[in-house]
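Everything below concerns the one structure shown next.
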Amino acid sequence: GQRGKSSLPHARERTLIAVKPDGVQRRLIGQIIQRFEQRGFKLVGMKMLQVSVSEMNAFTMSVCNSSVTVDVSVVKVSEDLLSQHYSELRAKPFYPSLLYYMTSGPVVVMVWEGHNVVQTSRTMVGTTNPTEAQPGTVRGDFSTHVSRNVVHASDSLEGAKREIQLWFQGQELLNWDCCDQKSISEV
Ligand code: IDP
């Protein structure tokens, strides 16, 4: 297995976790934070914000298989953040309604650090579609439909790096020592 120096960078691995608007509305922030704390990960950044959309006066989204045009002209600026965050999904039919959902209320974005945190948090969060998510996962315990799956977790090391840079300024992330670190990881 990995010993000594080779495992060093992994203990400092970071990922982006976000409680989406439905999770905030449903008062799940605390329970989600608790799961990452009790697992042994370290919180190094956290903030609450509401993202708004620009350059979208109206869009059509599909609700229960019928098209509905939604006027979002009252919602303003900052498309950048979400369109970059979800850049790979731009061509998907659900993309407009995803933006609408993600801008519908506050989100809580967090950066968690620890050994293998990217992969482990994907396991803790569960599959994208809650229908398949195992009980014990966040999505498997708190959600039923893919369009309201409560939480976001970066899906790769590169994705995590990109998303952390997108959502956080460098000085918003803290390097601090957890007093129990030696009991949680060898490094
Ligand atoms: P992930 O959040 O598990 O990484 P992605 O495929 O990156 O999954 O999708 C991002 C988000 O887009 C999902 O978490 C979910 O909120 C939404 N989404 C994905 N697929 C669908 C769909 O088929 N209908 C509605 N929303 C979807």
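The values are calculated or read from the model by the stated rules, or taken from the named source; none is laboratory data. Keep in mind that this is a model prediction, so the values were computed, not measured. Here the Cβ positions follow ideal geometry from the backbone for every residue, glycine too, while neighbour counts run over all protein chains shown. Heavy atoms of the whole protein, side chains included, go into the accessibility calculation; ligands, DNA and RNA do not. Shrake-Rupley method; radii C 1.70, N 1.55, O 1.52, S 1.80 Å.
Pick from region 7-47 the residues that are free of Cβ contacts under 8 Å to residues at least 24 places away in the same chain and closer than 20 Å to Asn175 by Cβ: which of them is surrounded by the most Cβ atoms within 10 Å (Cβ to Cβ)? Per the criteria, the residue is Glu37.
Taken over region 130-167, residues that are touching a residue at least 12 places away in the same chain (Cβ under 8 Å), assigned to a loop (DSSP other than H, G, I, E, B) and open to solvent by 50 Å² or more (accessible area, probe 1.4 Å) amount to 4. Checked against (1) closer than 21 Å to Val24 by Cα; (2) within 14 Å of the ligand (Cβ to nearest atom); (3) assigned by TED's automatic domain parsing to the domain that holds Glu37; (4) open to solvent by 80 Å² or more (accessible area, probe 1.4 Å), Tyr100 meets all criteria but (3).
Do the conditions hold for His85, that is, is it of a type outside the set (Lys, Arg), in contact (Cβ under 8 Å) with a residue 24 or more places away in the chain and either surrounded by 15 or more Cβ atoms within 10 Å (Cβ to Cβ) or closer than 18 Å to Ala18 by Cα (or both)? So His85 fits the description; yes. In the condition set (1) buried (at least 16 other Cβ atoms within 10 Å of the Cβ); (2) within 10 Å of the ligand (Cβ to nearest atom); (3) under 18 Å from Ile32 (Cα atoms), Val107 is compliant with all but (2).
Quick check, is Asn175 at pLDDT 95 or above, in contact with a His (Cβ under 8 Å, 6 or more places away or on another chain) and polar (S, T, N, Q)? Answer is no for this residue.
Confirm whether Arg122 is within 12 Å of the ligand (Cβ to nearest atom) and modelled with pLDDT of 95 or more.
Yes; evaluated as a whole, the condition is true for this residue.
Screening Met61 with (1) more than 21 Å from Phe168 (Cα to Cα); (2) open to solvent by 80 Å² or more (accessible area, probe 1.4 Å); (3) at pLDDT below 95; (4) not in a helix (DSSP H, G or I) gives one miss only, at (2).
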